[in-house]
């Protein structure tokens, strides 16, 4: 599949050669604090990429996990993806993770907007959602910046890293994309 592009980013298919770059942020406890997985070794990052590559051959394909590359530097700084959870309902979930040195620079919202455009455009989805840890305020801000609304706060619904965790659900529908500036009628 063709890569997704934005003003500053290239979202391309991941390869096993990306293991070291992915592990640079996956081994950082602060970066993976709110993820479903803990700190990863290089071998664990490589194993993840190998599992991811299997999704390339699904038919129909339901998982698209992209390397987030800064075009100006040609450097992989994170991952962003979309997974069609319920094809019959045209529903998918998105995720994103970024090297800590790149936080606060608008990279994740830019990548997430590209995922939404891909999901609603190329995949023809009706609803895209993000589920996140309520303590992850930065991720909630990203969801809000890209036009998602908070739909739910599930209490102790996920067993993650040895404990029950709450989950926030943010979502956006196809007819709400792209978001309109406030005060602008549809």
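Nothing in this text is a laboratory measurement; each read-out follows from the coordinates by a stated rule. Please read all numbers here as calculations on a predicted model, not as lab measurements. Cβ sites come from the backbone with ideal geometry, for glycine too, and all protein chains shown count toward neighbours.
Taking all Cα pairs closer than 8 Å and separated by 6 or more residues, the relative contact order of the chain comes to 17 percent.
Pulled fully out, how much extra length does the chain show between residue 28 and residue 103, if you take 0.36 nm times their separation in residues and subtract their Cα-Cα distance? Before the final figure, lay out the partial values.
Numbers: separation 75, 0.36 × 75 = 27.00 nm, distance 1.32 nm.
Here the answer is 25.7 nm.
A Förster distance of 30 Å, applied to the separation of the beta-carbon atoms of residue 20 and residue 90, puts the FRET efficiency at 0.25. Under a 10 Å cutoff between Cα atoms, tell me which one of 80, 19, 47 has the largest fluctuation in the Gaussian network model of the chain. Highest fluctuation of the listed residues: 47.
Once C-alpha pairs closer than 8 Å and six or more residues apart are averaged by separation and normalised to the residue number of segment 63-137, the relative contact order reads 26 percent. Taking the helices alone, the chain has a mean residue ellipticity at 222 nm of -7000 deg cm²/dmol, built from -39,500 (n - 2.57) per DSSP H run of at least 4 residues and averaged over all its residues.
Just need the Rg to Rh number for segment 39-186, please, alpha carbons only, Kirkwood Rh. Provide the component values of the computation, followed by the final result.
Numbers: Rg = 16.0 Å, Rh = 16.6 Å.
Taking Rg over the Kirkwood Rh, I get 0.96.
Between residue 13 and residue 157, the C-beta separation translates, for a Förster distance of 41 Å, into a calculated FRET efficiency of about 0.80. Can you give the relative contact order of segment 87-177 as a percent, counting alpha carbon pairs under 8 Å and 6+ residues apart? Reported as a whole number, the value is 29 percent.
When ranked by the protection proxy of mean other Cβ atoms within 10 Å per residue, highest first, what sequence do the peptides 96-102, 70-76 form?
Details: 96-102: 17.4, 70-76: 12.4.
Order by mean packing, descending: 96-102, 70-76.
Between segment 84-102 and segment 34-80, what is the C-alpha centre distance in whole Å? Centre-to-centre (Cα) distance: 12 Å.
The calculated FRET efficiency for residue 137 paired with residue 57, based on their beta-carbon distance and R0 = 45 Å, is about 0.75.
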